[in-house]
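Novice: First the structure, which I've put down as structure tokens, then a few questions once you've had a look.
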Amino acid sequence: MIPVGYMYKVVSGKPDWLKASQIEDIYSVSSCVSEDFCDWVNYWKHNGYWFFDSPLLIHEIANENSIDLDNLTLFYYEMYEKQWDYDDNWIDFSPEEYFSTNVVVPAFKVSLGFDIVTYTNNTSAECSPLSCNHMAEEIETNEHCLLETFKSAVDLIEQQKFSQCEPGPYRIVEVFRCE
């Protein structure tokens, strides 16, 4: 797993349309359900993985633009170093070279589980099929709509469980809460 960065998010409770009783809230990497702290791309402070190298960079954006982070949750992410491509293979990927990438690993982090995320444009996170495509209704997830183990994420992808979902490539992201 490689460090890819941070994001503040507005954590959403389980939406009514998601019929999975075990889920309490959505900690997905995508912003489809639990939104990012703002429309951050145009500030151009993100790294080559399209996250932030440190919480300080997010705080700078928030301070300069009067964005309140008080009721948001700070997440830290690590990714499996390969992505599942359109030809059903695990292939390498790298950060976008036009952006500096120097992720500061948090001193304290709590793993919450693993998300599977689409990266059709190979830039920012797009959809999380577990929530966006209702796959948590068919696949066992934890209360945050995340998979419990890395192995289960790999197995589900290799078994083509997401073949009728948003197109890939797919990346496996471990989701951490920072204290």
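Novice: Residue check: is Asn65 surrounded by fewer than 20 Cβ atoms within 10 Å (Cβ to Cβ) and under 20 Å from Tyr119 (Cα atoms)?
Specialist: Numbers: surrounded by fewer than 20 Cβ atoms within 10 Å (Cβ to Cβ): yes; under 20 Å from Tyr119 (Cα atoms): no.
No; evaluated as a whole, the condition is false for this residue.
Novice: Every residue in segment 130-155 that is closer than 15 Å to Gln83 by Cα and either modelled with pLDDT under 95 or of a type in the set (Val, Ile, Thr) (or both), please.
Specialist: Within segment 130-155, just Val154 meets the criteria.
Novice: Working only within segment 14-46, note down all residues that are small (Gly, Ala, Ser), open to solvent by 20 Å² or more (accessible area, probe 1.4 Å) and closer than 16 Å to Thr118 by Cα.
Specialist: Hit for segment 14-46 is Ser31, nothing else.
Novice: Filter segment 140-160 down to residues that are buried (at least 17 other Cβ atoms within 10 Å of the Cβ) and either in contact with a helix residue (DSSP H, G or I) (Cβ under 6 Å, 6 or more places away or on another chain) or in a loop (DSSP other than H, G, I, E, B) (or both), then give me how many there are.
Specialist: Total satisfying the criteria: 5.
Novice: Does Ser28 count as under 26 Å from Asp92 (Cβ atoms), within 14 Å of the chain's Cα centre (by Cα) and not β-branched (Val, Ile, Thr)?
Specialist: So Ser28 passes the test.
Novice: When segment 95-120 is examined, which residues are found to be closer than 21 Å to Glu158 by Cα and among the polar types (S, T, N, Q)?
Specialist: Thr118, Thr120
Novice: In segment 53-92, what residues are within 19 Å of Val104 (Cβ to Cβ) and in a helix (DSSP H, G or I)?
Specialist: Pro55, Leu56, Leu57, Ile58, His59, Glu60, Ile61, Ala62, Asn63
Novice: Then there's this: How about segment 93-133: which of its residues are farther than 14 Å from Met7 by Cβ, touching a His at 6+ places or on another chain (Cβ under 7 Å) and part of a strand (DSSP E or B)?
Specialist: Scanning segment 93-133 gives a single hit, Gly113.
The values are calculated or read from the model by the stated rules, or taken from the named source; none is laboratory data. Source: prediction; values computed, not measured. Virtual Cβ from ideal backbone geometry, glycine too; neighbours counted across all protein chains shown. For accessibility, only protein heavy atoms count, side chains too; no ligands or nucleic acids. Shrake-Rupley method; radii C 1.70, N 1.55, O 1.52, S 1.80 Å.
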